[in-house]
Amino acid sequence: MTTSSNNSYSLEGTMLEICSCATPCPCFIGEDPDGGECFGVIAFKLERGTVGSVDVSGLTLANVAHIPGNALNGNWRSVIIIDDRASDAQFNALVDAFGGKLGGPLADMASLVGELVAVERAPIRHEANAADGQFVVEGMVEADLSPIQSSPDGSTATLHDSAFTTVKGAPAYIGKSRRYRVNLPQHGMTWSWDGRNTIQTAWKMEHEPSAAA
């Protein structure tokens, strides 16, 4: 059931990618993943956002995904996890938007998912900034992240305007996971990697259907 008054949305915050690829992740620039497949978590921290008339500011949504080849070719097997602080209205609005029901660019992103295994609610602690910090979904995901400081002045290495960039010119900060664990055995998703890719960047999605739509 859609709880928003229309199919519009305006969402802004950060996108955090943690995965099994080497650093930096080739998927992020549209290339094939290392080893031919990617085991990842993509987290969207919504600093500001509305879905129709529902305010979803301050919430986090994560997509835990097995990507069997090039990310842009789709066939992802995914579990969506929504911040347990979300009200029922917020939960339903986010499921509609990120599930592709409302159209627009989020529908394009949702079309990459070949199998949506489940939608879960869980406490999420998102304390990562510029690929530095922690991301934890209680009992499901645990990641400790550190940035790659490769320039002479010690600033974090970045990518710009890659395949998954949604804010033109915004830097995508490159880091590594000191520790990265996913524990979803009930959905056939359990993996563990250390010293692999993490990327964090500004993220924005907007959709305002035309009156004729």
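FYI, it's all coordinate maths here, none of it is from the lab. Predicted model, so just to flag it, every value in this text is computed and none were measured. Note that each Cβ is placed from the backbone with ideal geometry, even for glycine, and that neighbours are counted across all protein chains shown.
Structure values in brief
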| item | result |
| --- | --- |
| Neighbourhood net charge (13 Å Cβ-Cβ; Lys/Arg +1, Asp/Glu -1) for Ala110 | -2 |
| C-alpha long axis of helix 88-98 to longest principal axis of the chain, angle in ° | 70 |
| Assigned charges on the beta-carbon of Lys, Arg, Asp, Glu; the chain dipole about Cα centre (debye) | 140 |
| Calculated FRET value between Asn75 and Gln186, using beta carbons and R₀ = 25 Å, to 0.05 | 0.70 |
| Dipole of the chain, positive end: most advanced residue of Ile148, Leu112, Val54 [Cβ charges, Cα centre] | Ile148 |
| Fully extended contour minus Cα-Cα distance, from His160 to Asn129, at 0.36 nm per residue | 9.5 nm |
| Calculated FRET value between Arg179 and Asp153, using beta carbons and R₀ = 45 Å, to 0.05 | 0.95 |
| Gain in span if fully extended, Glu115 to Glu37, counting 0.36 nm per residue against the direct Cα distance | 26.5 nm |
| Cα-based convex hull volume of the range 9-204 per residue, rounded to whole Å³ | 106 |
| Selection from Gly30, Pro209, Ile18 lying farthest towards where the dipole of the chain points positive, charges on Cβ | Ile18 |
| Choice from Ser53, Ser150, Ser177 with maximal GNM fluctuation in the chain (Cα, 10 Å cutoff) | Ser150 |
| Distance-filtered residues of the range 85-110 - backbone nitrogen under 17 Å, label point 7 angstrom along Asn6 Cα→Cβ | 97, 102-105 |
| Summed residue charge, Cβ within 11 Å of Met205's Cβ, Lys/Arg positive, Asp/Glu negative | -2 |
| Those aspartates and glutamates that a straight Cα-Cα span of less than 18 Å connects to Lys204, excepting residues fewer than 8 apart in one chain | Glu12, Glu17, Glu47, Asp55, Asp96, Asp108, Asp161 |
| Neighbour count of at most 16 Cβ within 10 Å plus DSSP loop: longest GluC sites (Glu not before Pro)-free window in the chain | 38-137 |
| Label zone at Ala170, where the point sits 7 Å out along the Cα-to-Cβ direction: the range 73-117 residues whose backbone N lies under 16 Å | 105-106, 109 |
